[in-house]
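The values are calculated or read from the model by the stated rules, or taken from the named source; none is laboratory data. These numbers come from a predicted model, not from an experiment. For neighbour counting, all protein chains shown are included, and Cβ atoms are generated from backbone atoms with ideal geometry for every residue, glycine included. Ligands, DNA and RNA are excluded from the accessible area calculation, which covers all protein heavy atoms including side chains. Shrake-Rupley method; radii C 1.70, N 1.55, O 1.52, S 1.80 Å.
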Amino acid sequence: GAWKGGLRFQVSAALKEGRVTPTELCQRCLSLIKSTKFLNAYITVAEETALKQAEESEKRYRRGQPLGVLDGIPIAVKDNFNTAGIETTCASNMLKGYVSPYNATVVQKLLDQGAVLLGKTNLDEFAMGSGSTDGIFGPVRNPWSYSRQYKEKSVPKSHSEDKDANWVITGGSSGGSAAAVSSFTCFAALGSDTGGSTRNPAAHCGVVGLKPTYGLISRHGLIPLVNSMDVPGILTRCVDDAAVVLGSLAGHDPKDSTTIQDNFKPFELPNLTDVSKFLIGIPKEYHAPGLSSEILALWSKAADLFKNAGAKVIEVSLPHTRYSIVCYHVLCTAEVASNMARFDGLEYGHRSDMNKSTESMYAATRREGFNDVVRGRILSGNYFLLKQNYENYFIKAQKVRRLIANDFVKVFRSGVDILLTPTTLSDAVPYMEFIKEDNRTRSTQDDILTQAANMAGLPAINVPTALSERGLPVGLQFIGRSFQEKQLLTVAKWFEKQVKFPTIQLEEVKRHNHGVFQHQKSASFS
């Protein structure tokens, strides 16, 4: 029974009452990780460490002194967060074998709450991508590819076609974390979100993906991609759980000067019954080229749902949104070029055997350590930062970024509480189709609806909404006011309750694990 519920009211309660022990919970997750190995969600599984942590948690429960709601809860962490004693690779040859001497602040906070760290999840190399297909450990497979819902709808074009050939991508770059939560191998996972890297895979894998306000959660120990936009993201199976994890992670960190100074007070989400006081904005610019008619219809249906429940729903305009994806890519590559300079083969990570000169060793190290995608972004970024281009590209993009942020400020000042938009242009595409286009083209398409929230530093959440005609998850995005996570999550929770998103029925795994997947949502740690 603990498997189906939320963290606070089901799983944590079951642990307190002794209906299940942290060790049993941990062993169940580890056995599921083994039976879902074909998903390639994990890069490293820290079995020994996890069982030790579960044992410690068990002792605390026996003494009647659990550390909190997360004590004994199995979690996973994207492999671009530093973890002491566990390899951190960023899915790159550059960091293969690298073991950090310290934990990222968010990892430490989870461990301090008694959470059990199962392992590190797969991603695009250095989190650059939107499919979780470009890391050195291979692509992540979407658990929904193996669900009864998808299999019933997807008929092979010919008898000769391999049944396994039409598996779909998870989205990215936090695809491993999204797949891990979606396939029940953990109760929550950390991702990172620079332009949508938590919300995009959450939408494709049918889970909740929260990108908090920039500065609410510490970035210390998250290997940086774009310092001014990176935010640790939270992936869970229900909105309540996202609030629980946020409560454990948020607040000031002396090691990260961009975090808020005020104390953060964790909150429990109320059960909203009346939405009539809310003003929901529908930004017309999010009706973007390439938006599937299915998602458009779902977006419209969601707006009607709010309207029929008494909320005021109005169309709003964010006029500079159409420039945001271009602006995002200029700023993103410029900061990438700067951040990647630290990987020179001298202090940590891969080092080439080339020893003709220091310069040749640098060049060979970076050529061998980075894939084409990372090298391409470094080249673009350095081009934008050249003396003759700096004003025309980088400075101009910063000015446009300010205009984009101001659009949101104006809309929220006008009285709008929450913006409702699609998260992705379509449901997840088959892997063979996805790789027909290069990473840059794909990222430009896939980030289009999510990156503006990163540019403005606003909180945003993906809520799984329905299954597409192909039996795959589709999510909608809610964007809130800065540091108003409680309001955002309260509305998201109300919406989640109305839409009753179905539980994944994982056929492949059900055979190995009797009944685990027959349960309802296995949602929350609360």
| Two-site FRET efficiency, residue 296 against residue 47, from Cβ-Cβ distance with R₀ of 30 Å, rounded to 0.05 | 0.10
| note | Mean separation of Cα contacts under 8 Å (at least 6 apart) over the residue count of region 76-135, i.e. the relative contact order in percent, is 38
| field | Rounded to the nearest 20 debye, dipole of region 116-156 from Cβ charges on Lys, Arg, Asp, Glu | value | 300
| remark: Put 120, 255 in order of accessible area, largest first, probe 1.4 Å, and you get 255, 120
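On the protein heavy atoms, probe 1.4 angstrom, tell me the percent of accessible surface of region 16-122 carried by carbon and sulfur.
Accessible surface attributable to carbon and sulfur in region 16-122 totals 47 percent.
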| query | Within region 33-161, what percent of beta bridges assigned by DSSP are antiparallel, to the nearest 5? | reply | 50
| field | With every protein chain in place, region 397-494: carbon and sulfur % of accessible area (1.4 Å) | value | 51
| query | What share of the DSSP beta bridges in the chain is antiparallel, in percent to the nearest 5? | reply | 70
| query | So how far apart, in nm, are the two label points at residue 276 and residue 383 if each is 7 Å from Cα heading toward Cβ? | reply | 5.7
| query | How much length, in nm to one decimal, is gained on full extension between residue 342 and residue 84, taken as 0.36 nm per residue of separation minus their Cα-Cα distance? | reply | 90.9 nm
| query | For region 201-253, which whole-number percentage of the solvent-accessible area (1.4 Å probe, protein heavy atoms only) is attributable to carbon and sulfur atoms? | reply | 49
| request: Can you tell me the dipole magnitude for the chain around its Cα centre, using point charges on the Cβ only (Lys, Arg +1; Asp, Glu -1), in Debye to the nearest 20? | output: 780
| Which one of 41, 346, 22 has its Cα pushed farthest toward the positive end of the charge dipole of the chain, where Lys and Arg give +1 and Asp and Glu give -1 at the Cβ? | 22
| said: Tell me the per residue accessible area of region 56-122 using a 1.4 Å probe; a whole number in Å² is fine. | reply: 32
| task | Sort 425, 190 by accessible area with a 1.4 Å probe, largest first. | result | 425, 190
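How much length would be gained if the chain were fully extended between residue 507 and residue 16, taking 0.36 nm per residue of separation minus their Cα-Cα distance, in nm to one decimal? Write out the running numbers ahead of the final one.
Working: separation 491, 0.36 × 491 = 176.76 nm, distance 3.16 nm.
Result: 173.6 nm gained on full extension.
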| task | Just add up the charged neighbours of residue 281: K/R +1, D/E -1, any other residue whose Cβ is under 14 Å from the Cβ of residue 281. | result | +2
| remark: Hits in region 77-120: amide N under 19 Å from the 7 Å Cα→Cβ extension of residue 252, namely 105-106, 109
| Mean accessible surface per residue for region 239-375, computed with a 1.4 Å probe while every protein chain stays in place, in Å² | 52
| Average accessible surface area per residue within region 439-495, 1.4 Å rolling probe, Å² | 24
| said: Taking a ≥ b ≥ c as the square roots of the Cα gyration tensor eigenvalues, with a/c under 1.5 meaning rounded and otherwise prolate when a/b beats b/c, else oblate, which class fits region 401-473? | reply: oblate
| request: Find the relative contact order for region 208-255 and round it to a whole percent, using C-alpha pairs within less than 8 Å whose residues are 6+ positions apart. | output: 48
| query | Given Cα pairs under 8 Å that are at least 6 residues apart, what percent is the relative contact order of the chain? | reply | 21
| task | At 0.36 nm per residue, minus the direct Cα-Cα distance, what do residue 304 and residue 414 gain on full extension? Give it in nm, one decimal, please. | result | 37.5 nm
| note | Row for the chain, column shape: gyration tensor on C-alpha, a ≥ b ≥ c, rounded if a/c < 1.5 i.e. under 1.5, prolate if a/b over b/c, else oblate; value rounded
| Rounded, prolate or oblate: which fits region 250-310 when a ≥ b ≥ c are the square roots of the eigenvalues of the alpha-carbon gyration tensor, with rounded for a/c under 1.5 and prolate only if a/b beats b/c? | oblate
| said: On a 23 Å Cα-Cα criterion, which of the cross-link pairs 78/265; 34/109; 211/493; 37/497 come out too long? | reply: 78/265; 34/109; 37/497
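Evaluate E = 1/(1 + (r/R0)^6) for residue 372 and residue 261, where r is the Cβ-Cβ distance and R0 equals 60 Å; express this FRET efficiency to the nearest 0.05. Before the final figure, lay out the partial values.
Working: r = 42 Å, r/R0 = 0.69.
E between residue 372 and residue 261, to the nearest 0.05, is 0.90.
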